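Below is one structure, written out as structure tokens; the observations come after it.
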Amino acid sequence: MESFNLNNLVRDNIKSLKPYSSARDEFSGVPADMVFLDANENPFENGVNRYPDPQQRSVKSLLGEIKGIKSENILLGNGSDEVLDLIFRVFCEPKIDNVITLPPTYGMYEVLANTNDIEVKKVYLKLDFQIDVDQILVQQNDRSKLLFLCSPNNPSGNHLNNKDIERLLNYFNGLVVLDEAYIDFSEQESWLTRLEEFPNLIVTQTLSKAYGMAGIRLGVCYASSDIISILNQIKPPYNVNELTQKKAIERLINKEAVQTEIDTILRERGTLTHALTEIPFISKVYHSDANFVLAKVDDASKRYNQLIEKGIVVRNRTTQPLCENCLRFTVGAQDENKKLIDALKQL
Ligand SMILES: *Cc1c(COP(=O)(O)O)cnc(C)c1O
């Protein structure tokens, strides 16, 4: 990575912004018997009458311990969606800058680009769902601020080649946002181990998938402390609520339970993958490093509707590039997967 200057990528209005300082920001880490008359809260205790910790220190320190990352390299958000939106707002100048996405991939990158009025350059993945690095380097220009990589990729399920990711980290002009929402289902190592090596790398993860907490909305962003402190300046002060922080802590303490569930899902993924290959109208089952399996059927919309009639909802991805007639099956519990396979056999 040649001379990298983060300041060249940050929007001017963000550089000159003075962040809101909340009551709890100004006063933290104080003795528990302190009297708090600073934030206009209701004093009667009910568990949530106080504003939550704006810096989510307990959650970050637990997460940091698990992932081997310092708190100063972590930003938490109301789901990955908020984290990604913050990244857009810090680095992308509406109507002027652009970002690069690699369809077929997670739809939120494009939605967030559109809401922020940022041009999206699309460089399709190759037929094997791997990155067309040369094409990205041709398409990028000096207004290309973000490159979104999703590994393992949704909806294809495969992980992206590490050599390609490394080449992009070395030659992409802007920041590389690597979405590792499904990393805990993959045999690949997370790129978190290489965060220090690449000042232009942002890794996002979530508690929504392997950690089984989609309902609490907790997204995680890992990056250099410089990137994290700029993101912190524009994040809403109390963006992660008290109930979410409490639930996350309970779950993160219980590492073994999470791992047991992941192991079960991986076993079920194997069983489901095998069963899908034996369905006559399924012509291809793609290799998955995630908790879902993409499969090509004869007529995706017809099969999708037939499954609905049998009370099973899957994801029809047929309109996505390279995904013609493809359905995406989430790996469920054993009885759910069995219902799916039985239903498919009956069609
Ligand atoms: C599910 C998913 C997420 C998670 O988003 P949250 O807002 O954290 O629930 C992020 N990225 C991808 C690619 C996903 O599929």
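So which trypsin sites (Lys or Arg not before Pro) in the range 306-336 end up in coil per DSSP with only 16 or fewer other C-beta atoms within 10 Å? Intermediate results must be reported in sequence, preceding the final value.
Details: sites: LYS310, ARG315, ARG317, ARG328; in loops: LYS310, ARG317.
Answer by residue number: LYS310.
Could you state the accessible area per residue of the chain in Å², with a 1.4 Å probe and every protein chain left in place?
On a per-residue basis, 49 Å².
Looking at the range 16-117, which chymotrypsin sites (Phe, Trp or Tyr not before Pro) are in a loop (DSSP not H, G, I, E or B) and have at most 14 other Cβ atoms within 10 Å?
Taking the range 16-117 and a limit of 14 other Cβ atoms within 10 Å, the loop chymotrypsin sites (Phe, Trp or Tyr not before Pro) found are TYR20, PHE27, PHE36, PHE44.
Anything in the chain that counts as a DSSP H helix reaching 24 Å or more along its axis (C-alpha) with Kyte-Doolittle mean of at least -1.0? List them, would you?
255-277
Out of the total accessible area of the range 6-253 (probe 1.4 Å, heavy atoms of protein only), what percent is carbon and sulfur?
Whole-percent figure for carbon plus sulfur exposure: 49.
Just flag the trypsin sites (Lys or Arg not before Pro) in the range 85-132 sitting in loop per DSSP whose Cβ has no more than 16 other Cβ atoms within 10 Å. Don't jump to the answer; show the numbers that get you there.
Details: sites: ARG89, LYS95, LYS121, LYS122, LYS126; in loops: LYS95, LYS126.
When the trypsin sites (Lys or Arg not before Pro) of the range 85-132 are filtered for loop state and at most 16 Cβ neighbours within 10 Å, LYS95, LYS126 remain.
State, to one decimal in nm², a quarter of the convex hull surface area for the C-alpha atoms of the range 133-282, i.e. the direction-averaged projected area.
Mean orientational projected area (the range 133-282, Cα hull): 11.8 nm².
Which three semi-axes in whole Å describe the equivalent ellipsoid of the chain, each the square root of 5 times a Cα gyration tensor eigenvalue, listed largest first? Can you show the working numbers first?
Values: eigenvalues 262, 149, 60 Å².
Calculated on Cα positions only, the semi-axes equal 36, 27, 17 Å.
Determine the gain in length on full extension of the stretch ASN170-LYS338; use 0.36 nm per residue of separation and subtract their C-alpha separation, reporting nm with one decimal. Can you show the working numbers first?
Working: separation 168, 0.36 × 168 = 60.48 nm, distance 4.54 nm.
Using 0.36 nm per residue and subtracting the Cα-Cα distance, I get 55.9 nm.
By how many nm would the segment from ASN232 to ILE308 grow when fully extended, if each residue of separation counts as 0.36 nm and the alpha-carbon distance is taken off?
23.0 nm
For the range 48-197, with equal point scatterers placed on the C-alpha atoms only and solvent neglected, what are the log10 I(q)/I(0) values from the Debye formula at q = 0.11, 0.13, 0.17, 0.18 1/Å, to two decimals?
Rounded to two decimals, the profile gives -0.46, -0.64, -1.06, -1.17.
Going from most exposed to least, what order do MET34, MET108 have by accessible area with a 1.4 Å probe?
MET34, MET108
Please return the longest stretch of the chain lacking exposed loop sites, where GluC sites (Glu not before Pro) count only if DSSP places them in a loop and at most 14 other Cβ atoms lie within 10 Å.
In short, 46-186.
In µm²/s, what is D for the range 256-346 at 37 °C and 0.692 mPa s, where D = kT/(6 pi eta Rh) by Stokes-Einstein and Rh is the Kirkwood radius from Cα pairs?
246
The values are calculated or read from the model by the stated rules, or taken from the named source; none is laboratory data. These numbers were taken from a predicted model, which means no experiment stands behind them. Glycine gets a Cβ as well: all are built from the backbone with ideal geometry, and neighbour counts include every protein chain shown. We work out accessible area using only protein heavy atoms, side chains counted, and drop any ligands, DNA or RNA first. Shrake-Rupley method; radii C 1.70, N 1.55, O 1.52, S 1.80 Å.
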